[in-house]
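Down below is the structure, laid out as structure tokens.
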Amino acid sequence: MKAEQISVFLENKAGRLAEVAGILAEAGVNIRALSLADTSDFGVLRLIVDNNEKTKEILKKRGFTVGKTNVVAVKVTDRPGGLHNILDILYNAGINVEYMYAFVQQSGNNAVMIFRFDNTDKAVEILNKNGIQMIDGKTLYTM
Amino acid sequence: MIYDMEFETLPREALSAIQLRRLQATIQRVYATVPFYRQKFDESGVKPGDIRSLEDLKRLPFTTKQDLRDNYPFGMFAVPMDNVVRIHASSGTTGKPTVVGYTARDITTWASMMARSLAAGGAWQDDIIHNAYGYGLFTGGLGVHYGAEKLGASVIPVSGGNTKRQIVIMKDFGPTILTATPSYTLHLAEVATEMGVDFRNLNFKFGIFGAEPWSERMREEIERKTGMVAVDIYGLSEVMGPGVAIECHEAKKGLHIFEDHFIAEIINPATGEVLPEGETGELVFTTITKEAFPVIRYRTRDITSLNSEPCICGRTLTRMNKISGRTDDMLIIRGVNVFPSQIESVLMEMDEVEPHYQLFVDRKGNLDTLTINVELGEKAFSDEVKVLQDISQKISKNIKDYLGVSAKVKLVEPKAITRSEGKAVRVIDNRKI
């Protein structure tokens, strides 16, 4: 129930993000979701795309530092308390959320959130046990 | 005031005659007692007897910092150790420090040069000198100290650091002269303000500042914030220590070189050719009275020019302009000598980064800042920001531990640092000095 996320190291300078977007557009890669973590000096761009291998390869070729990480796409009931319920379960199991961001598309009546946990396998197990729905990578990339 | 009226106001011809006599004696002596000089002179085909005029000085080979390192620690001493009464060493540089020695007479000479300097900078016997230069292997503290005593002033040997206590002493003891690095002086002024003490209401009249390059703008700022007249002092341990040259407080326009003890030349750093007066180049010193550690045509790597026009203070001594830069890549950051190669070796020991880096030196407000751009290694990259921030903090800490200087570390993308085919441009110094 894990999905792959591509991360890119970006210097904090004008036009760098546009460059990444341009390279991906050129290669016909569709960005499904993204988040940009920034500090005063650098940023880390995290991407869910429809073609991980191609993205990684093409960005590397263009001189970017690229990483691949496992994240979990969780279906969150789209109503008050939906997110809280999930975070509560994780908290009680002692799992930390490193970061999270929203997926663009809904899945039925659910919002989709991308989670990066400190212990991914355990998180998946706990969420499963509590009947929380997740979306596997394959489905996610082409949703 | 002029401390040594006779020697500081000699007619130029008389001064030249003294210089030649002392130069010839020095050359004879180093040839006889220092194997390094004998070998270098022999290789250049110059015998001590060939030095018949001051013009002949340029026939002698240069001495470099590397030569001093090669003869570490005592290889350049011209007297047996029983005659050496003091040893100083330069602040940490690449590898070994440079070690210098003094005979009892050298110490006396140095004290006289410093007494002259303090007097030129506005001090006299009734003054109280607050000496905030560091005491120790560094020549600053003890150099000023002996000079102050020689002059007959009262000296407070407060040394560097413990800034709040210094402010209390300034308030309670009422010193009239401050000797310190210019950057520390501005720090003192800031701390005083924090403590509710207005520096301008203290008893200070003159400040004698040196050991690091500083600009006219910094002088204006110091004078405005402290209410004292700020003069520049120059020296380096290889030549003696502080007191090689001093600005007079009357003109504050160039530093008088004590030419009856040191001969200054300006050379083209690339060719070694001696440049005519007024042209800018590398400052080279020959000591002509030192016993334990004479240096012949020592390349200081400091960039300046000379000016022998008469000065309003009455001294006939040639003036050197404020140092405008350095020929080598040594950086002086907040008084600490930093070589790019030292930073390189710290980075080389870390797996997280590539050995591609660039140093940016800026002056923000009064303080020098060092920023290190370094390329992040592929394997160290993480999608978590905190992991990357830990890497830059670890580098900062290592730099601080090894070099004693704080630096801001900025991780950059691979290949972000321009590769050069020749010598890499490692240092970008944006300080306006």
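For the structure I just gave you, tell me whether B:E247 is among the charged types (D, E, K, R), buried (at least 24 other Cβ atoms within 10 Å of the Cβ), at pLDDT 95 or above and assigned by TED's automatic domain parsing to the domain that holds B:I107. Step through it out loud before you land on a result.
Values: among the charged types (D, E, K, R): yes; buried (at least 24 other Cβ atoms within 10 Å of the Cβ): yes; at pLDDT 95 or above: yes; assigned by TED's automatic domain parsing to the domain that holds B:I107: yes.
Yes; evaluated as a whole, the condition is true for this residue.
Would you point out which residue out of B:H187, B:H130 is touching a residue at least 24 places away in the same chain (Cβ under 8 Å), surrounded by 24 or more Cβ atoms within 10 Å (Cβ to Cβ) and in contact with a helix residue (DSSP H, G or I) (Cβ under 8 Å, 6 or more places away or on another chain)?
The conditions single out B:H130.
Just name the residue that is farthest from B:G335 (Cα to Cα) out of those in the range B:136-162 that are surrounded by fewer than 21 Cβ atoms within 10 Å (Cβ to Cβ) and among the polar types (S, T, N, Q).
Result: B:S154.
Which condition number does A:G82 fail, the rest of (1) more than 30 Å from B:A416 (Cβ to Cβ); (2) in contact with a Leu (Cβ under 9 Å, 6 or more places away or on another chain) being met?
Going through the list (1) more than 30 Å from B:A416 (Cβ to Cβ); (2) in contact with a Leu (Cβ under 9 Å, 6 or more places away or on another chain), A:G82 breaks only (2).
On the basis of being over 30 Å from B:Q342 (Cβ atoms), in contact with a Phe, Trp or Tyr (Cβ under 9 Å, 6 or more places away or on another chain) and crowded, with 19+ Cβ neighbours inside 10 Å, does B:L118 make the cut?
Judged against the criteria, B:L118 is a match.
For every residue, the table says whether it meets (1) surrounded by fewer than 16 Cβ atoms within 10 Å (Cβ to Cβ); (2) among the β-branched types (V, I, T); (3) under 30 Å from B:S341 (Cα atoms).
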{"position": "B:Y3", "(1), (2), (3)": "no, no, no"}
{"position": "B:L10", "(1), (2), (3)": "no, no, no"}
{"position": "B:A14", "(1), (2), (3)": "yes, no, no"}
{"position": "B:I18", "(1), (2), (3)": "no, yes, no"}
{"position": "B:V30", "(1), (2), (3)": "no, yes, no"}
{"position": "B:K40", "(1), (2), (3)": "no, no, yes"}
{"position": "B:V46", "(1), (2), (3)": "no, yes, no"}
{"position": "B:S53", "(1), (2), (3)": "yes, no, no"}
{"position": "B:D67", "(1), (2), (3)": "no, no, yes"}
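Inside the range B:341-381, can you point out the residues that are over 27 Å from the mean Cα position of the chain (by Cα), within 14 Å of chain A (Cβ to nearest Cβ) and surrounded by fewer than 17 Cβ atoms within 10 Å (Cβ to Cβ)?
B:E378, B:K379
If I filter the range A:27-54 down to residues being in contact (Cβ under 8 Å) with a residue 24 or more places away in the chain and of a type in the set (D, E, K, R), which single residue comes out as surrounded by the most Cβ atoms within 10 Å (Cβ to Cβ)?
Taking the candidates together, the pick is A:R46.
The rows are residues; the columns are (1) within 17 Å of B:F285 (Cα to Cα); (2) among the hydrophobic types (A, V, I, L, M, F, W, C); (3) touching a helix residue (DSSP H, G or I) at 6+ places or on another chain (Cβ under 9 Å).
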{"residue": "B:E6", "(1), (2), (3)": "no, no, no"}
{"residue": "B:L10", "(1), (2), (3)": "no, yes, yes"}
{"residue": "B:I18", "(1), (2), (3)": "yes, yes, yes"}
{"residue": "B:Q24", "(1), (2), (3)": "yes, no, yes"}
{"residue": "B:Q28", "(1), (2), (3)": "no, no, yes"}
{"residue": "B:Y37", "(1), (2), (3)": "yes, no, yes"}
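Quick check: anything in the range B:325-337 part of a strand (DSSP E or B), surrounded by 16 or more Cβ atoms within 10 Å (Cβ to Cβ), of a type in the set (A, V, I, L, M, F, W, C) and within 14 Å of chain A (Cβ to nearest Cβ)?
no
If you go through the range B:227-252 one residue at a time, how many are of a type outside the set (S, T, Y) and not in a strand (DSSP E or B)?
10
Looking at B:A111 and the list (1) surrounded by fewer than 17 Cβ atoms within 10 Å (Cβ to Cβ); (2) in contact with a Gly (Cβ under 9 Å, 6 or more places away or on another chain); (3) within 21 Å of B:G143 (Cα to Cα); (4) not polar (S, T, N, Q), which single condition is not satisfied?
Going through (1) surrounded by fewer than 17 Cβ atoms within 10 Å (Cβ to Cβ); (2) in contact with a Gly (Cβ under 9 Å, 6 or more places away or on another chain); (3) within 21 Å of B:G143 (Cα to Cα); (4) not polar (S, T, N, Q) one by one, B:A111 breaks only (1).
Going by what's in this entry, would B:S406 be described as outside any strand (DSSP E or B), away from chain A (no Cβ under 14 Å) and of a type in the set (S, T, N, Q)?
yes
Can you tell me which of A:D50, A:D78, A:D41 is under 17 Å from B:D383 (Cα atoms) and not aliphatic (A, V, I, L, M)?
Among A:D50, A:D78, A:D41, only A:D41 is under 17 Å from B:D383 (Cα atoms) and not aliphatic (A, V, I, L, M).
On the given criteria, is B:Q393 within 14 Å of chain A (Cβ to nearest Cβ), surrounded by fewer than 18 Cβ atoms within 10 Å (Cβ to Cβ) and within 34 Å of the chain's Cα centre (by Cα)?
The answer is yes for B:Q393.
I'd like to know if the range B:215-230 contains one or more residues that are within 22 Å of B:E282 (Cα to Cα) and surrounded by 21 or more Cβ atoms within 10 Å (Cβ to Cβ).
no
For the range B:376-386, check the following and say yes or no: at least one residue is more than 30 Å from A:Y99 (Cβ to Cβ) and not small (G, A, S).
Within the range B:376-386, none of the residues are more than 30 Å from A:Y99 (Cβ to Cβ) and not small (G, A, S).
Restricting to the range B:74-88, and then to whatever is assigned to a strand (DSSP E or B) and free of Cβ contacts under 8 Å to residues at least 60 places away in the same chain, can you tell me which residue is surrounded by the fewest Cβ atoms within 10 Å (Cβ to Cβ)?
Taking the candidates together, the pick is B:V85.
Could you tell me which of the residues B:G45, B:G49 is at positive phi and over 25 Å from the mean Cα position of the chain (by Cα)? Please lay out each step first, then the result.
Numbers: B:G49 fails: at positive phi.
That would be B:G45, the only listed residue that is at positive phi and over 25 Å from the mean Cα position of the chain (by Cα).
Among the numbered criteria (1) over 24 Å from A:L45 (Cα atoms); (2) at pLDDT 90 or above, which single criterion is violated by B:G365?
(2)
The values are calculated or read from the model by the stated rules, or taken from the named source; none is laboratory data. Because the structure is a prediction, the values reported are computed rather than measured. Virtual Cβ from ideal backbone geometry, glycine too; neighbours counted across all protein chains shown.
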